[in-house]
1. Run the numbers for SER241 and ILE146: contour at 0.36 nm per residue of separation, minus the present Cα-Cα distance, in nm.
2. Note the listed values (1) 1.05; (2) 0.96; (3) 0.99, then indicate which one is Rg/Rh (Cα atoms, Kirkwood Rh) calculated from this particular structure.
3. What is the range 137-204 by shape, rounded, prolate or oblate, if you read a ≥ b ≥ c off the alpha carbon gyration tensor as root eigenvalues and call it rounded for a/c under 1.5, prolate for a/b larger than b/c, and oblate otherwise?
4. Could the peptides 223-235, 437-449 be put in order, highest first, of the mean number of other beta-carbon atoms found within 10 Å of their residues?
5. Given R₀ = 25 Å, what would the calculated FRET efficiency be for ASN428 paired with GLN480, taking r from the Cβ atoms and rounding to 0.05?
6. Count the net charge of all other residues whose Cβ sits under 15 Å from the Cβ of LYS174, scoring Lys and Arg as +1 and Asp and Glu as -1.
7. Net charge around GLY82, counting only other residues with Cβ within less than 14 Å of its Cβ (Lys, Arg = +1; Asp, Glu = -1)?
8. What do you get for GluC sites (Glu not before Pro) in the range 340-377 restricted to DSSP loop and a cutoff of at most 16 other Cβ within 10 Å of the site's Cβ?
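No value in this document is a laboratory result; all are computed from the given coordinates. Note that the structure is predicted; figures quoted are calculated from it, not measured. Don't worry about glycine lacking a Cβ; one is built from the backbone with ideal geometry, like all the others, and counts go over all protein chains shown.
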Amino acid sequence: MKVEERYVEPASKLMSDYINGKPVLRQYFSYDPQLESFEKRLKNLQNHPVDRSKLAGIIRDYMKPEKLSEAAQQNLADFEAGAPVVVTGQQAGILTGPLYTVHKAISVIILARQASEQLQTPVVPVFWIAGEDHDLAEVSHLYREINGRMDKLNIPYAEYGKNSASTANLNKPKTASFLEEYFRSLPETEHSKEIQELAFGLLENSQSFTDFFAALIHYFFQEEGLLYIDAADEAFRKYESPYFVEMIERSANIAKTVTATESSLVEDGYSAVIGAEETAANLFITVKGERLLLEREGQEFVANNGSIRYTKQQLLAIAEKTPELLSNNVVTRPLMQEMVFPVLAFVGGPGEIAYWAALKGAFELFNMELPVIMPRLSLTLVNRKTQRLLNKYELDFSSVVNGRQVSAMKNQLMETIRDQEAEMLLTNLEVELEKTYEQINQQFSSISKGLTPIVEKNLQLHVKQLKFLGNKLQDEIVLQNSIEFGHYAAIENELLPNGGFQERIYSPFTYMNQYGTELVKDLLALPLSYDKNHKIIYF
C-alpha cells in the first residue's frame, strides 16, 4: 500500500470554514480542532464525575460475547485508572454500512495513539454504536456496480416496524438471501469465499442489526483494543438514568438555546441542519416496541401526535425506574456522551460537526464544555485496475475529484464521435413537423376548437418518436466506443460514485473482495497524518 495526500474542498461551507479556521465559526466551539488543544482539555476533565469502575464493567460485560482481546483489556484497565477517551459513533449498518464507518474507527484509534504520545498518558478509543436508532432504512442497504452504473440493493425492513436496530430481531433467511445477492454482484476473486464465510458466520451468531455490526467492529479492531458499547444496552441505560433526569428537567432550556444558536448560525451564513424547535423535548420514548419522538405541549410531554401523554413527574419516574425506555436524539446524544465519558475528543463527519455547532449553549446549561471536535480521516482506496486506467488517460486523483476531468473527457469524446449530419436531419424534421402541424391546427380549429388538443397530442407523439430515434443513434455511437466510455465509467465509479467519495457509498467488503480480510489491519499500519488532507491509498 502507498499513501498520497491531497486537499479536497469540502462540499459543506461549515465544514470548510471549520477545518480552515474561520473565526466566525470558531465561536460556536470550545476548542480548535488540533492536537494542541488536548492538553488544556485534559486539565478540564480532571473533575469529571464518571464512575470508572462501574462504566468499565458495563463495557466489559457488553463486549464479553466477542471475547475481549488483550489490547481491549488493557484499554479498560487504563480507563479505570483514569485515562480519557476519544469517541466516535455510527448507526449499526449492514456489513458496517459505508466505508466511512470503518474510517471513523480508524480515526479514533490513530488519534488516541497520537494523543497518548503527546500527553504522555494513555488515551482510550471508544466506538458508540447508535443501536437505539429506529430508522432502519438508513442501515439496511448496500451499493453495488451493475453494468457500469451504481445500484442500491435494499434489504426488506418493513417487517421490523419502528423497532430499533438493537431490538429488531433479524430475519436471518431474508438477510442471508440479501447478502448472497450482494456477493454475487462482486467479481469472483481469490478472497471471495473467505469474506463470504466471514459475513455469514457472524450473521449466524447475531440476533439484531446491532449484534451483526458489533461482531464486525470486533473482528476488524480487536487487535487495536477498540472499546465499543451499544447506546441501547440496558445496563448502559441504567447508568444514564440520572442524566436523563437532568435532561428532562432542563428540556425547555435545551430546546431554547439550540434554537437560538441555529438562528445565529443562519445569520452567519450556515444551514440549520437540526431544524431545532422550542417545543422539542429532544428525547425518544419506546412504547409497545415503537420508538416515538417526544415533544413538549404546555406542561406535558407528548408523542404520536398527542395520543400519548406524560406529565413531567411521570417522565421523571420513567427516567429513574425504567431508563431503558428513553433514548437520545441528535441534540441530547452529544450531551449524554459527555455526561457518561471523560471525552478528550469527539471524531465526526461533516454532518455531525454541523450538529455540534449548535450545541455549545446546551452544554453550558450543564456546566460542561464541548470536547475537541475533530473531523474524521477521509480515505479513498484505489485498486490496481483503476491505477492502470488513470495512467492510461494521464489522470490522477486530484484531476478526477477536484478537476472533474473525466466528465469533461466524456463530453469531449461525445462531441468528437457524434454524427452531426444525422442529428441535423432529425432536428430539421422536427422543425418542419412543428411548422406543418401549426398549419394543420389552424385548419382543424377553424372547423372545431375541440380538434386542437388532438392535433397537439399527435404532434407530441411524432416528436417523441424523433427523440427516440436520436437516443438510439447516440446509444449506437456510444456502443461503438464502449471500451473508452467503459473506462471513464470505471474511474468515476471507483473515485466518484454517484458524484461523491467512495467512502459514502461502498461497503468495506467491496474492497476486501479485492484485497483480502487484512484490509483494515493494513490500513491501520499506514503512516496516516491526522490533518485535513484526504488520504488516497493505492493497493
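1. Computed gain between SER241 and ILE146 is 29.4 nm.
2. Here Rg/Rh (Cα atoms, Kirkwood Rh) agrees with entry (1).
3. Oblate shape, in that a/c is at least 1.5 and b/c is the bigger or equal ratio.
4. The most tightly packed comes first, giving 223-235, 437-449.
5. Once rounded, the FRET efficiency stands at 0.55.
6. After counting each charged neighbour, the total is -3.
7. Cβ neighbours under 14 Å give a net charge of -1.
8. Here the sparse-neighbourhood loop sites are GLU369.
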